[in-house]
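The values are calculated or read from the model by the stated rules, or taken from the named source; none is laboratory data. What you see is a predicted model; the values in this text were computed from it and never measured. All Cβ positions, glycine included, derive from the backbone under ideal geometry; neighbour counts span all protein chains shown. Keep in mind that these areas ignore ligands, DNA and RNA; they rest on the heavy atoms of the full protein, side chains included. Shrake-Rupley method; radii C 1.70, N 1.55, O 1.52, S 1.80 Å.
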Amino acid sequence: MKQCTHTDALPHPEPAPLSETCPECLRDGTHPVQLRLCLTCGHVGCCDSSPNRHATGHHADTGHPVMRTFEPGEDWRWCFVDHVLV
């Protein structure tokens, strides 16, 4: 079973969210479907079901490997590099 090799390098405690919603969606006038929190820097981005996939774009621009859901009642993490739930 494939495992994430990046969780040990994540900051503890996890970074505070830099915003309450996706700032790129606000700037572009689009609506985020669901939100994701970068566990390296606290960037909040929209998920891949959103028109512009800003969380994935943030990973592509920065290389930050792991995000978690930023949706109430959900508790899961995803490693973009290893393509696995953490």
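Values computed for the structure shown
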item	result
Hey, T21 surrounded by 15 or more Cβ atoms within 10 Å (Cβ to Cβ), over 12 Å from the mean Cα position of the chain (by Cα) and among the β-branched types (V, I, T) or not	no
Count - residues of the stretch 44-86 that are within 18 Å of L18 (Cα to Cα) and either out of contact with any Lys or Arg (no Cβ under 9 Å at 6 or more places or on another chain) or at pLDDT below 95 (or both)	9
Residue satisfying all of: in the stretch 33-86; in a strand (DSSP E or B) and open to solvent by 50 Å² or more (accessible area, probe 1.4 Å); farthest from Q3 (Cα to Cα) among these	R68
Some residue of the stretch 42-65 being among the β-branched types (V, I, T) and in contact (Cβ under 8 Å) with a residue 60 or more places away in the chain	no
